[in-house]
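Below is one structure; the comments refer to it alone.
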Amino acid sequence: MVGLVVLSLFLAGLVGVFLREDEARRSETEGQRAALEAYASATLRRALEDEWRLGVALMDSALAEPLLDDSRLLLVSDGTPLLPRRARGTTAGVVVAMNALLATTVDDPDDSPPAERRRFVTGLARALATSNKPEIESNVRGLLNHRRQFRLGPVDDLSTVLAMIELLQTRSKPTQVLMERVLRDGFTPQEAGLQRHVLELSERLSADELTRVCAIVERQSQRALVQVNDFVARCAAMVGPTGAQVADAPPGLSVQQGFVLRGGPEVRGVAVAIPTLLDAQQTSMRERGLIEETDTLELSSSEGLVDSLLVSVESPRWLEATRQRRSALQLKLVLLAVAFLLGVGLVMLAFTVQRREQALLDTRNELVATVSHELRTPLASLRVMAETLERKTSGVAEAKDWPQRIVAEVDGLSALVENILSFNRLERGRDVLHRQPWALDEVRAWLEADAPEVLSTVQGTSGLTLEADPTWMKVVFLNLLRNARKYNERTPVTFLVDAKRDGGSVVIDVKDNGIGIERAQWESVFEAFHRLRDARGRGGGGSGLGLAIVRRVVEGHGGTVQVVDSSGEGTTFRLVLPRRHIS
Ligand code: ADP
């Protein structure tokens with residue numbers, strides 16, 4: 001059980017170590033990735049800010065010069081879109097008015113500025129018909145001056161200028177300089193030529209009308225050999241789709257509908273191609289070795305505040321690393337689980353084996369106890385019969401000493417049976433010893449009763465009382481006595497019990513005059529079933545249990561027993577027993 005708990009704790013510790021190791025590897029990869037993503041995001045933000053700054057720097061020029069390409073710009077002031085310029089108005093009728101003017105010869109008597117302006121055109125038509133040069137010049141100059149003085153609506157303004165150019169080109173040969181000025185360059189820096197003027201008015205004209213007017217200006221410019229390509233391109237752009245409809249942009253720099261813009265009362269923005277920027281960034285990071293060929297940059301969202309734009313770095317090697325990390329962890333955990341199951345299995349096996357062994361041991365002990373027990377009665381009967389035989393045959397020469405030898409053999413067998421039973425009880429029982437105050441002097445009587453032929457001496461025992469189990473103490477002393485007789489070749493056998501007090505203990509030396517025990521065997525003779533190979537002596541029927549029982553009983557009393565001296569002269573065993581009860 002303890003083993004299982006230790007194993008569980010150990011495995012739990014290992015799980016912890018594996019999880020921590022996995023986490024460390026994960027955060028290392030994540031850290032690397034986070035650093036790259038932070039770098040890529042910051043670089044993209046900087047690129048967008050730069051784009052915006054450059055675009056905004058172009059805005060003033062685009063406002064002043066309508067021929068400039070403003071398709072990438074976005075300027076909305078107080079809700080009014082200013083850039084890119086688009087034909088957003090509803091005004092129409094310029095071309096109709098021009099054609100009507102070219103068709104008429106009748107002067108409008110009205111003295112309003114539009115009527116005044118129209119009179120210059122009809123006047124020019126008449127002068128051209130009569131080739132009256134001064135009149136032609138005066139009407140052209142008059143019209144141009146009138147333009148400077150009066151700002152008319154787009155219809156009146158554009159129709160008269162277009163009609164004037166139409167008349168000059170179809171009915172005379174106007175100078176290149178005049179046409180350059182009228183169509184393109186203007187007469188003063190403040191005054192735009194017709195091309196620019198048309199583009200400036202684009203917001204007020206409808207898309208259809210702008211297309212028509214542009215077509216006329218294009219034709220007139222081509223006829224006059226005046227540069228017109230950029231104008232045509234701008235016309236086309238201005239009737240194109242309206243572009244970004246930015247209703248409310250936040251004050252910070254943000255990305256919306258393909259524009260990077262800053263909001264407020266005035267929204268200023270620049271068109272950006274984020275995929276292109278991201279591509280460029282990816283290439284640069286690859287060239288600098290920050291990411292590998294297979295790594296790609298991806299934008300989490302292409303709309304929103306620039307500061308919150310996040311670029312993620314996708315890399316197959318990270319996916320692979322994550323996969324490998326996961327499978328390594330899984331494998332380790334599976335191995336741990338297997339180890340745990342194996343541990344549980346082993347513990348259960350050991351438990352079962354132990355229980356079986358115990359059961360086997362119990363059965364064996366039971367059997368031995370039963371057999372030994374059953375032997376006691378017949379042995380007792382045998383002894384009585386042998387003694388009777390001994391008495392009846394005393395003086396019969398043929399009987400020799402056989403009856404005595406039967407008695408001795410039966411005694412040896414009885415001692416063996418008793419030892420087996422004692423050992424069994426000691427092995428099995430927990431509360432075998434029942435201690436009580438016991439006078440050591442009692443040994444004397446036991447020795448005399450058991451072996452009157454042995455010359456036993458007991459000294460120093462009187463007055464010494466021990467806390468001991470007398471039954472078991474008798475077993476101890478009689479076993480020692482029996483060995484003294486068994487392993488002895490002298491007659492008489494002597495057996496000395498010499499006791500003395502030593503502090504809280506009693507030291508009892510038990511000395512015989514037997515054959516002795518080799519020094520190397522002084523300890524091993526106390527092991528159960530241990531017999532010396534060349535054990536000589538009388539009545540060799542020993543079991544090797546006698547001294548094992550002696551040691552168990554003495555130690556059970558909290559004491560010690562050992563051989564302290566042995567030679568061919570005999571052996572001394574020393575028993576040290578506590579005087580008082582040891583709890
Ligand atoms: P056994 O039943 O064989 O006598 P013991 O445990 O009593 O078993 O003794 C173990 C061995 O120690 C014996 O076989 C014997 O050789 C030796 N031995 C025991 N006591 C003595 C002794 N007093 N003198 C000499 N040898 C002894």
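The values are calculated or read from the model by the stated rules, or taken from the named source; none is laboratory data. Not measured: the values here are computed from a predicted model. FYI the Cβ positions are ideal-geometry reconstructions off the backbone, even for glycines, and counts take in every protein chain you see. We work out accessible area using only protein heavy atoms, side chains counted, and drop any ligands, DNA or RNA first. Shrake-Rupley method; radii C 1.70, N 1.55, O 1.52, S 1.80 Å.
Miscellaneous remarks
- Per atom type, the range 432-578 shows carbon and sulfur on 47% of its accessible surface, probed at 1.4 Å.
- Between 0 and 90°, nearest 10: helix 207-223 axis offset from the chain longest Cα axis: 60
- For the range 432-578, diffusion coefficient by Stokes-Einstein and Kirkwood Rh (Cα), 10 °C, 1.306 mPa s, µm²/s: 104
- Glu303 versus Ser462: modelled label distance in nm, points set 7 Å from Cα along the beta carbon direction: 12.0
- Taking each residue as 0.36 nm, the span from His373 to Ala321 lengthens on full extension beyond its C-alpha to C-alpha distance by 11.1 nm.
- Lysine pairs in the chain with Cα atoms under 21 Å, if 8 or more residues apart or on separate chains: 7
- Rounded to 10°, Cα long-axis angle of helix 546-556 versus longest principal axis of the chain: 60
- Ranked packing of 476-483, 522-529, 419-426, most packed first, by mean Cβ within 10 Å: 476-483, 419-426, 522-529
- Using a probe of 1.4 angstrom and keeping all protein chains present, the accessible surface of the chain works out to 55 square angstrom per residue.
- Two-site label geometry, Arg501 and Glu314: point separation in nm, points 7 Å out along Cα→Cβ: 9.8
- C-alpha center-to-center spacing [the range 409-477, the range 283-355] in angstrom: 75
- Net charge of Cβ neighbours under 14 Å - reference Val56; Lys, Arg +1; Asp, Glu -1: -2
- Order by protection proxy (mean Cβ within 10 Å, highest first), peptides 451-459, 115-123, 346-354: 115-123, 451-459, 346-354
- Counting only Cβ charges, +1 for Lys and Arg and -1 for Asp and Glu, the dipole size of the range 85-238 around its Cα centre is about 340 debye.
- Principal-axis analysis of the Cα atoms of the chain puts helix 133-149 at an angle of about 40° to the longest axis.
- Signed unit charges on C-beta, dipole axis of the chain, positive-most listed residue Gln282, Phe526, Gly568: Gly568
- The alpha carbons of the range 1-159 occupy a box of 128, 26, 25 Å along the principal axes, longest dimension given first.
- Total charge dipole magnitude, the chain, about the Cα centre, Cβ charges on Lys, Arg, Asp, Glu only, Debye to nearest 20: 880
- Computed over the Cα atoms of the range 159-203, pair by distinct pair, the Kirkwood hydrodynamic radius stands at 10.9 angstrom.
- Extents of the chain, taken as max minus min of Cα coordinates on every principal axis and listed largest first, are 198, 47, 39 Å.
- The range 85-238 - Rg over Rh from alpha carbon coordinates, Kirkwood radius: 0.94
- Accessible area of the range 77-161 belonging to carbon and sulfur atoms, whole % at 1.4 Å probe: 53
- Distance cut-off 13 Å, percentage of C-alpha pairs in the range 1-60 lying past it: 75
- Taking amide hydrogens as placed 1.01 Å from N in the peptide plane, the amide H of Leu82 sits under 5 Å from those of Leu75, Val76, Ser77, each at least 5 positions away in sequence or on another chain.
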